[in-house]
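Accompanying notes for the structure given below.
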Amino acid sequence: MLHSQTSAIALGSNLGDSRAILEAAIVMLAKTPGITVTSQSSWYRTAPVGPPQPDYLNGCVILEIQLTPHDLLQTLLSIEKQFGRERGESWGPRTLDLDILLFDNLIINTPTLKIPHPRMSERAFVLVPLAEIAPDWIEPTSGCAIAQLVQRVDCSGVHPV
């Protein structure tokens, strides 16, 4: 049995009933063996990055995990698929996007998994909800707390719902 570890997950959706999809995805995560949802941020409406598309609804959750990082990734990909996620154009619209942001203080860099998420420290739509529920978590590559990282990005496009 793996000992419990903590992971931060970003959630996003801009197709369909985004709020219902995101909340159902959290329920699905909570029902997954080896995963306990311990904290959930508010929802935020954000402008999209990439091609023209609807605004996103974004948030974050903190999970207690008894899975390996790769098993967690497979679980997230499976949940995305159950909500109709199709991997087409990069940064295109999606029914559900689940990203591992942090996994304890691990740094993983493989072809299929990069932790911490490589662009999280540049993205207000990730940092604002994460700072709400984990302001003191140290991002291991920068050595900075999430509360410090969020102060370095333009948060003007991230609006509480």
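Values computed for the structure shown
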read-out	value
Options [x] 10, 39, 36, 13, 1; [y] 11, 42, 39, 8, 0; [z] 10, 31, 24, 16, 10, 5, 2, 1, 0 - which one matches P(r) over Cα pairs in 10 Å bins from 0, in percent as calculated here	[y]
Accessible surface ranking that places the most exposed of Phe103, Phe125 first, with a 1.4 angstrom probe	Phe125, Phe103
Shape category assigned to the stretch 93-161 from the gyration tensor of Cα positions, a/c cut at 1.5	oblate
Fraction of accessible area attributable to carbon and sulfur, the chain (%, probe 1.4 Å)	53 percent
The chain - percent relative contact order, Cα under 8 Å, separation 6 or more	29 percent
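The values are calculated or read from the model by the stated rules, or taken from the named source; none is laboratory data. Given the structure is predicted, the values throughout are model-derived calculations rather than measurements. The accessibility values were calculated without ligands, DNA or RNA, using every heavy atom of the protein model including side chains. Shrake-Rupley method; radii C 1.70, N 1.55, O 1.52, S 1.80 Å.
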